[in-house]
Amino acid sequence: MINLLPHEIKEDISYARRNTKLFHWLIAAVFALLGVILIVAAGLLFMQHSISQTNKQTTVAQDTLKIKKVDETQKKLEEISTNTKLVVDVLSKEILFSKLLRQIGSTLPSNTALKSLQIDKVQGGVQLNAGAKDFNAATQLQVNLQDPKNGVFEKADINSITCGAASTESAGGLSCDVNLRALFSKDKSFTYLNPANKGVKQ
């Protein structure tokens, strides 16, 4: 079949066909772009919803913790624990004076007498003042106090020994005045929390 149409009309028909194909491709591209936009939008909405739900759950959990006052309760428990340790520490160093005096009295050699004692620090030791008949009795007192068999003091040092006739009248014949510094034994049998003293009262 012979096409007798003019050349211009042939070109117009050819361009028309091409334009139709391009238009179809353009429509397809537009629909594809719309599909991508919808997918992205749906993803963003899902993420936003998830974030919102997570924030709500976090807020609810925080409110629940505040209501239960977990932090406050934990702080109180820590304070109670600290106070309990402090009480135990203090009681472990608290002296049963009646028992301490009996133990010191049992260590005194003959011709000596305890006049006074002063506890500066319970965990450290005591200052003792005693009367002695002579210098030998005074030194024997120091030896007896630090004897580990007595279980009272770990160490005893003589600060001073003063002997003279002037002290005889005031001390019932004990002419020497002895001042000593003694450190408690580590195993104190005269403290409140010593196992042997449970239930003991002064």
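The values are calculated or read from the model by the stated rules, or taken from the named source; none is laboratory data. Keep in mind the model is a prediction, meaning the values are calculated, not measured. Using ideal geometry, Cβ is built from the backbone for each residue, glycine included, and neighbour counts are taken over all protein chains shown. Accessible surface areas use protein heavy atoms only, side chains included; no ligands, DNA or RNA. Shrake-Rupley method; radii C 1.70, N 1.55, O 1.52, S 1.80 Å.
Some notes on this structure:
- Pick from the stretch 21-58, criterion small (Gly, Ala, Ser) and over 60 Å from the mean Cα position of the chain (by Cα), ranking: least open to solvent (accessible area, probe 1.4 Å): Gly35
- Filtered residue count, the stretch 109-121, keeping only those that are part of a loop (DSSP other than H, G, I, E, B), in contact with a strand residue (DSSP E or B) (Cβ under 9 Å, 6 or more places away or on another chain) and open to solvent by 40 Å² or more (accessible area, probe 1.4 Å): 1
- Scanning the stretch 166-201 for residues that are loosely packed, with under 15 Cβ neighbours inside 10 Å and either modelled with pLDDT of 60 or more or on the phi > 0 side of the Ramachandran plot (or both) yields Gly172, Gly173, Lys186, Asp187, Gly199.
- Each residue in the stretch 123-139 was checked for being under 10 Å from Thr112 (Cα atoms) and open to solvent by less than 30 Å² (accessible area, probe 1.4 Å), and 5 of them qualify.
- Qualifying residue in the stretch 140-151 (condition: at pLDDT below 90, part of a strand (DSSP E or B) and surrounded by fewer than 16 Cβ atoms within 10 Å (Cβ to Cβ)): no
Yes/no per residue for (1) open to solvent by less than 70 Å² (accessible area, probe 1.4 Å); (2) at negative phi; (3) modelled with pLDDT of 80 or more:
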{"position": "Pro6", "(1), (2), (3)": "yes, yes, no"}
{"position": "Asn19", "(1), (2), (3)": "no, yes, yes"}
{"position": "Val60", "(1), (2), (3)": "no, yes, yes"}
{"position": "Asp71", "(1), (2), (3)": "no, yes, no"}
{"position": "Leu86", "(1), (2), (3)": "no, yes, no"}
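- In summary, Ile95 fulfils each of the numbered conditions (1) touching a strand residue (DSSP E or B) at 6+ places or on another chain (Cβ under 8 Å); (2) at pLDDT 65 or above; (3) aliphatic (A, V, I, L, M) with the single exception of condition (2).
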